[in-house]
Amino acid sequence: MEEKTKSKGYVLRKLFFACLYLSTFTFGGGYVIVTLLKEKFVDHYHWIEEDEMLDLVAIAQSSPGAIAVNGAIIVGYKLAGIPGMLVSVIGAIIPPMVILSVISVFYDAFCSNYYIAALLKGMTAGVGAVIMSVVYDMGKNVVKSKDWVNVVIMIISFCLSYFLNVNIIYIILLVAVFGMVRTIVKGGREKMIYIQLFLSFIQVGALSFGGGYAAMPLIQEQVVNLHSWLSMSEFTNLITIAEMTPGPIAVNSATFVGMQIVGILGAIIATLGCILPSCIIVTLLAYVYMKYRNMSLLQGTLASLRPAVVSMIAKAGVTILISAFFIDGTVNLIRQNVCVEMIIFFVIALVLLRKFKINPILAMVLCGVANVVLSAVKKA
């Protein structure tokens with residue numbers, strides 16, 4: 001206990017004399033004492049980490065009052081709590097109180113003294129060098145962090161303050177809000193993926209007119225093009241799996257995508273998003289239909305939607321066929337890029353579907369088995 005008290009007393013003494021000494025030689029405003037505090041407590045004593053010092057400076061700058069006093073308060077409190085804050089403040093304010101009291105007595109003589117004016121003028125260059133040296137050290141660490149957002153913040157903040165004379169308080173507040181939002185977004189990225197899944201499949205569920213196949217281009221747009229959750233080949237596999245398993249294609253796809261991205265909770269959320277519009281809209285439409293079933297406007301609206309549905313299905317089919325027929329997934333008719341086996345499988349499956357009316361699932365299974373057998377033969 002005695003050792004702990006002694007250690008705390010040592011820190012308090014160091015704080016007092018350090019702040020007293022630094023404040024005595026702080027010419028040029030609060031930022032100078034901040035740089036000197038950094039040199040003393042970060043570089044010399046190693047009591048504070050440099051990143052932590054930047055945080056403390058930000059707090060000192062964004063708080064009301066003189067930066068030099070705020071800096072002493074925040075450093076003192078960090079190192080020794082309330083006692084540390086008190087001795088730091090006392091140490092920081094004694095030199096200006098004494099010096100300015102003396103100067104005020106001899107004000108006229110002090111201002112007109114050539115040598116004192118020259119001394120202060122010369123010290124301005126030293127003050128600038130001290131500040132720029134610390135700016136270099138701290139800025140170098142910002143750049144080394146390889147976080148381009150922080151580098152941009154540093155540059156923009158300087159431009160706003162220096163060239164546009166924007167009040168530093170506004171800059172600090174703006175950057176603080178940005179930092180909080182950025183942190184929330186980073187920390188909530190996992191939650192965001194759930195929201196994105198839900199909203200994406202709500203759109204699929206709300207706009208899938210005409211059955212499961214009509215949902216394919218919408219799912220592709222959300223899953224492949226917009227969010228890049230799956231590649232085109234993975235999406236093709238998804239449609240195959242969704243078709244081969246019991247249940248609506250859209251619901252199966254939602255469950256599969258959610259499961260692939262964030263697990264079982266993602267599957268539940270994506271599925272709920274997919275069926276929610278149906279639950280609401282179909283219930284309302286059932287009521288309207290039952291009441292106005294013979295209304296020509298309703299019949300005409302539904303009739304007009306059907307051609308668009310066919311077009312969307314065709315687009316999804318063409319996209320999947322391109323992925324199957326061409327090795328690199330783009331229409332390029334050179335021999336090395338064309339997968340002849342897939343074209344043959346397609347033609348056979350189409351004949352079986354159209355001529356012999358076989359089950360679509362059986363057609364897909366047969367194509368898959370045929371490709372497995374062919375691949376095994378090639379490998380052998």
What single numbered condition from (1) modelled with pLDDT of 75 or more; (2) surrounded by 15 or more Cβ atoms within 10 Å (Cβ to Cβ) fails to hold for LEU56? (1)
Restricted to the range 37-57, and to residues that are outside any helix (DSSP H, G or I) and free of Cβ contacts under 8 Å to residues at least 12 places away in the same chain, which residue is nearest to the chain's Cα centre (by Cα)? GLU49
Filter result for VAL152 (in a helix (DSSP H, G or I), exposed (fewer than 11 other Cβ atoms within 10 Å of the Cβ) and modelled with pLDDT of 80 or more): yes
Being among the β-branched types (Val, Ile, Thr), at pLDDT 75 or above and touching a Leu at 6+ places or on another chain (Cβ under 6 Å): is that true of VAL166 here? yes
Scan the range 263-276 and report the pairs whose first residue is assigned by TED's automatic domain parsing to the domain that holds SER200 and farther than 12 Å from VAL251 by Cβ and whose second residue is of a type in the set (A, V, I, L, M) and part of a helix (DSSP H, G or I), with Cβ atoms within less than 6 Å and a gap of 6+ or a chain change. GLY266/LEU197; ILE269/LEU197
If you go through SER133, SER101, the only one that is in a helix (DSSP H, G or I) and modelled with pLDDT of 70 or more is SER101
Among the residues of the range 326-373, which ones are at pLDDT below 85, over 21 Å from PHE235 (Cα atoms) and part of a helix (DSSP H, G or I)? ARG335, GLN336
Going through the range 203-220 in order, the residues found to be assigned to a helix (DSSP H, G or I), out of contact with any Asp or Glu (no Cβ under 9 Å at 6 or more places or on another chain), under 8 Å from ALA250 (Cβ atoms) and at pLDDT below 75 are ALA215
Of the numbered conditions (1) buried (at least 17 other Cβ atoms within 10 Å of the Cβ); (2) modelled with pLDDT of 65 or more; (3) farther than 15 Å from LEU15 by Cα, VAL69 fails exactly one; give the number of that condition. (3)
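The values are calculated or read from the model by the stated rules, or taken from the named source; none is laboratory data. Nothing here was measured: the structure is a model prediction, and the numbers come from that model. Positions of Cβ are generated from backbone atoms using ideal geometry, with glycine treated the same way; all protein chains shown enter the neighbour counts.
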